[in-house]
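The values are calculated or read from the model by the stated rules, or taken from the named source; none is laboratory data. These numbers were taken from a predicted model, which means no experiment stands behind them. We place every Cβ from the backbone using ideal geometry, glycine too, and count neighbours over all the protein chains shown. What goes into the accessible areas is simple: the full protein's heavy atoms, side chains included, and nothing from ligands, DNA or RNA. Shrake-Rupley method; radii C 1.70, N 1.55, O 1.52, S 1.80 Å.
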Amino acid sequence: MAADVKHGTWTYCVDLAPDEGRRRTRRRGGFASRAEAAREMAAVLDGELRGVYENRRVTVAAYLREWLAARKSELAPNTYAGYADCVERDLVPAFGRHRLPDLRPRHIEDWIRAQQEAGRGRVTVYRVMATLHNALKVAIRSWRLHYNPAQCAVPPKPRAAERTCWTPDEAAALLRHDKEHYADRLTDLFEVMLGTGMRRGEILALHWSDVHLMDRKLYVRRTLAATNNAEIRFGEPKTEASRAWISLSPRAMAALHRQAALQMNAHPQHRLEGLAFPRPDGRPLRQRWLLNQLRKRTAELDPPTIGLHDLRHTAASIMIAENVPIAVISKTLRHTTLAITINLYGHLLKDSADQAVTALSSALDQADERCEGATDAGQVTALAA
């Protein structure tokens, strides 16, 4: 350990365990005192011994920004924007000044308590804490922390509010109203969404090259994401299972045929290409504008106000009401697992469960009657003998 007389700071130098036969020396300077340099050198040696090195010169703010930058390329734009918002709006102001190894559960618990007392939404608080918890898990996996101080501090995930779905009559009423009063591209877009259960980003990113009218199918190849309703970009579907073929009903086929005819009539000199449901200039529709149009048209009728994603839930609820097997519904909605479908729509399966136990009881009754009939026949045979 040596002092830098010129700059008035201390530097430590220590030999570490060889790596593949090569000598390793760690040298760090800039410490204000000998004691500070000695503590850091001791932490390095302790980290070498236990396999975890807690760098006391790294703040929570620096680490969170480093973690965020490393994940940017692998996250969807909206997901990254949500993480960045949590980091810069909440986590850095609340915990950024702490050294990463000094962050404690009490710091996190105090912040949560203050947010709750200020009336902050439970969902917002949960998302912020879940972001911190995920970031610190990476620090543990990379041997930069001994434990995750947010492990037990994250509040329970709030239960999602039950979504409002339209009945078949309400959905049909809106579609009929659209055809009679608008007969535009949105009329056909809402028809296809309700007829396939496609997500809003998927329908807005649908290209004619992925529509196979002769085969009565379309292929979900991409999705449209809007960050803060400003930056629009095409991206990969939500999951690998989302990238799949979708069968088209006669109603959805008719809607796509109408839309194809409208575009061909508007540009007779062009081939049918580009987006299936674009703006007049060919650019993608904005989700916010589409939502406003749905609510405007809904307000002209009696159905409850719903969001764009609720059209997908409505499609699922109608299939459930029509006793479509849950495995088929899961495949149609392109969920990764059957469990996701059951978790999302289990509350709508009550009638199906009633039918299932009724069928089970009926089958047992019939089997019981057969057994009783066989017993009576055996007794008659015995008496005759």
When the chain is treated as a Gaussian network with springs between alpha carbons less than 10 Å apart, the largest mean-square fluctuation among 242, 73, 33 is found at 33
Within straight-line cross-link reach of residue 179, aspartates and glutamates at Cα separation under 13 Å, skipping those fewer than 8 residues along the same chain:
188, 191
If you build a Gaussian network model of the chain, linking Cα atoms that sit under 10 Å apart, which residue out of 364, 344, 68 swings the most?
364
0 to 90° range, to nearest 10: angle between helix 105-117 axis and the chain longest Cα axis
50 degrees
Proximal aspartates and glutamates relative to residue 331, as straight alpha-carbon distance under 17 Å, when same-chain residues fewer than 8 apart are discounted
202, 240, 322
Degrees separating the helix 309-321 axis from the principal Cα axis of the chain, which is the longest one
50 degrees
Please determine, in degrees from 0 to 90 and to the nearest 10, the orientation of helix 287-299 with respect to the longest principal axis defined by the Cα atoms of the chain, where the helix direction is its Cα long axis.
40 degrees
When the chain is treated as a GNM, springs tying every alpha-carbon pair under 10 Å, which of 367, 241, 261 comes out with the largest mean-square fluctuation?
367
So for the chain, Kirkwood radius off the Cα pairs, Stokes-Einstein at 25 °C and 0.890 mPa s: how many µm² s⁻¹?
92 µm²/s
What ratio of Cα Rg to 2.2 N^0.38 Å holds for segment 137-206?
2.04
Calculate, for the chain, the solvent-accessible area per residue in square angstrom, rolling a 1.4 angstrom probe over the heavy atoms of the protein chains.
58 Å²
So if we plug the beta-carbon distance of residue 179 and residue 299 into 1/(1 + (r/R0)^6) with R0 = 22 Å, what FRET efficiency do we get, rounded to 0.05?
0.80
Starting from 0 in steps of 10 Å, tell me what percent of the Cα-Cα pairs of segment 175-301 lands in each bin.
12, 45, 36, 7
Less than 16 Å apart at the alpha-carbon level, and either on another chain or at least 8 residues along: which aspartates and glutamates does that give for residue 296?
170, 178, 180, 184, 310
Test item: Cα-centred dipole of the chain, Lys/Arg +1 and Asp/Glu -1 on Cβ, debye:
2260 debye
Express the carbon and sulfur contribution to the solvent-accessible surface of the chain as a percent, rounded to the nearest whole number, probe 1.4 angstrom.
53 percent
Trypsin sites (Lys or Arg not before Pro) in segment 224-317 lying in a DSSP loop, each with at most 14 other Cβ atoms within 10 Å of its Cβ, come to 271
Answer in debye to the nearest 20: the dipole magnitude of segment 268-348 about its Cα centre, from +1 Lys/Arg and -1 Asp/Glu charges placed on Cβ, is 360 debye
Which value at 222 nm does the chain reach when only helices count, each DSSP H run of 4 or more adding -39,500 (n - 2.57), with the total divided by all residues and rounded to the nearest 500 deg cm²/dmol?
-16500 deg cm²/dmol
